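The values are calculated or read from the model by the stated rules, or taken from the named source; none is laboratory data. Please read these numbers as outputs of a predicted model, since none were measured by experiment. For neighbour counting, all protein chains shown are included, and Cβ atoms are generated from backbone atoms with ideal geometry for every residue, glycine included. Accessible surface is based on the protein model in full, side chains and every heavy atom, while ligands, DNA and RNA are left aside. Shrake-Rupley method; radii C 1.70, N 1.55, O 1.52, S 1.80 Å.
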Amino acid sequence: MAGATTHRLLRMSDRDALARVAAIVDEARASLATAEDEAALEAWRTRVLGRSGALTRVLRGIGSLDAEDRRAVGQAANAAKETLEGALEARRMALEHAALEHHATAPLDVTLPGRPRRPGHLHPVTRTLRDILDIFGRMGFAAIEGPEVELDDYNFGRLRIPEHHPARDMWDTFWIDEEVDGRTPLLLRTHTSPMQIRYLDRHAPPVRIVVPGRCYRYEATDATHEWMMQQVEVLAVDEGVSLADLKGTLQEFARQMFGPERRVLLRNSYFPFVEPGVELAVDCFNCPGDDPRCPVCRGSGWLEIMGAGMVHPEIVSASGYDAERYTGFAAGMGVERIAMLKYGVEDIRTFYANDLRFLRQF
Ligand code: DAH
């Protein structure tokens, strides 16, 4: 059979051979354009440029042409071979490029179901804290922060809670076994009240501050207790500040936080650093006030939201001010407790368990 092919080529004229090369190139280009993947490119290469491919067969046949024709056809066939090899490479690159492009800008299929993106949002306790600071900020209270690692003296002593005083039992404490500037004992502050002392020591009245911050207590956790919680301390000291100012300020706070109808109730209580000491409650915003199944007030009609009172005169004078002239009120509230009331959360531990199913509800 090889002989028959040779025989046929033998009788091919120069023009026929050149036309054949041109036809091979045309056909090869057309079929290359339809090759869509590596396997198709490889099959094309074998068929066109391979050892028994169309062009190779032309080149093999030129030995039987006369010298001049041989040169012309040989050159044309070699040029065609180069052209087609280049075309193969170009096609391969075009396909790779298209694959990358497709990846980057896949065509939009509007029938596909959407892929929801969940935007992040503030933690409910953070949101509550910001609400509290905003409300007091509008009433002229500046927000100040203080240290979480505190001296016993500020956390207890100067708040009139000396060592061995039974009131210390109100705050189970994490003690720290180190000293700062030779001063001990150190602890993790159990409340934000020590900032009352630190601030009054350096700032003369009139004083109007709120102090947000983390506090720590060495206690067993349950639905209403955590070993870490956030508080906001409120302190106002000036000439002529009275219990009525305390009540009015906190009433306005309660209205803005829990609703415009809210009423507040001051109940007698005891804290060593205030006299008199009170507990502040707001009327239930969740039920008429007598529903025993109400998860917020449990039928009592009132929600305790903070401790408060008139700053003890000894605290005012210990910072160097005339306690006859300057009086003040103070209050301290748990941010998680307020968030629980506001959002109807029943277990404080869920705030810091980092369970997204819980956090996404807010
Ligand atoms: N520091 C108190 C506590 O953590 C709360 C408190 C009560 C703060 C009365 C006050 C106050 O400023 O006047 O339990």
Please check which bits of segment 312-352 a label hung off ARG118 would reach, taking the label as a point 7 Å along Cα-to-C-beta and the cut-off as backbone N under 20 Å.
343-347, 349-352
Stretch ASN268-THR46 to full length: gain in nm at 0.36 nm per residue minus the Cα-Cα span?
70.1 nm
If you average the C-alpha positions of segment 289-362 and of segment 61-115 separately, how far apart do those two centres end up, in angstrom?
76
May I ask for the equivalent-ellipsoid semi-axes of segment 133-216, computed as the square root of five times each C-alpha gyration tensor eigenvalue and listed largest first in whole Å?
25, 13, 13
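Could you tally the net charge around GLN251, taking each other residue with its Cβ under 9 Å from the Cβ of GLN251, Lys/Arg +1 and Asp/Glu -1?
Neighbourhood net charge equals +3.
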If you average 1/r across every pair of different Cα atoms in segment 125-359 and take the reciprocal, what Kirkwood value do you get, in Å?
18.5
Longest the chain segment clear of trypsin sites (Lys or Arg not before Pro) sitting in DSSP loops (not H, G, I, E or B) with at most 16 other Cβ atoms within 10 Å runs 118-262
Of all DSSP beta bridges in the chain, what percent run antiparallel (nearest 5)?
95
Just subtract the alpha-carbon distance of GLN361 and ALA94 from 0.36 nm times their residue separation and send over the number in nm, one decimal.
91.2 nm
Where is the GNM fluctuation largest for the chain (alpha-carbon springs, 10 angstrom cutoff): ASP152, ASP245, ASP181?
ASP181
At 1.4 Å probe size, what's the solvent-accessible area of MET340? Round to the nearest 10 Å².
30
Report, largest value first, the span of the C-alpha coordinates of segment 246-348 along each principal axis, in whole Å.
50, 26, 21
Accessible area of the chain divided out per residue, in Å², using a probe of 1.4 angstrom:
57
At 7 Å along the Cα-to-beta-carbon direction for both GLU219 and CYS294, put a label point, then send me their distance in nm to one decimal.
2.4
With at most 16 neighbouring Cβ atoms within 10 Å, loop GluC sites (Glu not before Pro) (DSSP) excluded, longest segment of the chain
37-144
At 7 Å along Cα-to-Cβ for each site, give me the label-to-label distance between SER317 and LEU108 in nm.
7.7
Sort out for me the Cα centre separation of segment 124-142 from segment 199-266, rounded to whole Å.
11
Just how much of LEU243 is accessible, in Å², when a 1.4 Å probe is used and the result is rounded to the nearest 10?
70
In a shell of Cβ-Cβ distance under 13 Å around THR224, excluding THR224 itself, what net charge do Lys and Arg (+1) and Asp and Glu (-1) give?
-3
Taking a ≥ b ≥ c as the square roots of the eigenvalues of the Cα gyration tensor, with a/c under 1.5 meaning rounded and otherwise prolate when a/b exceeds b/c and oblate if not, segment 55-212 is prolate
To one decimal place, what orientation-averaged projected area in nm² is obtained for the convex hull of the Cα set of segment 2-105?
6.7
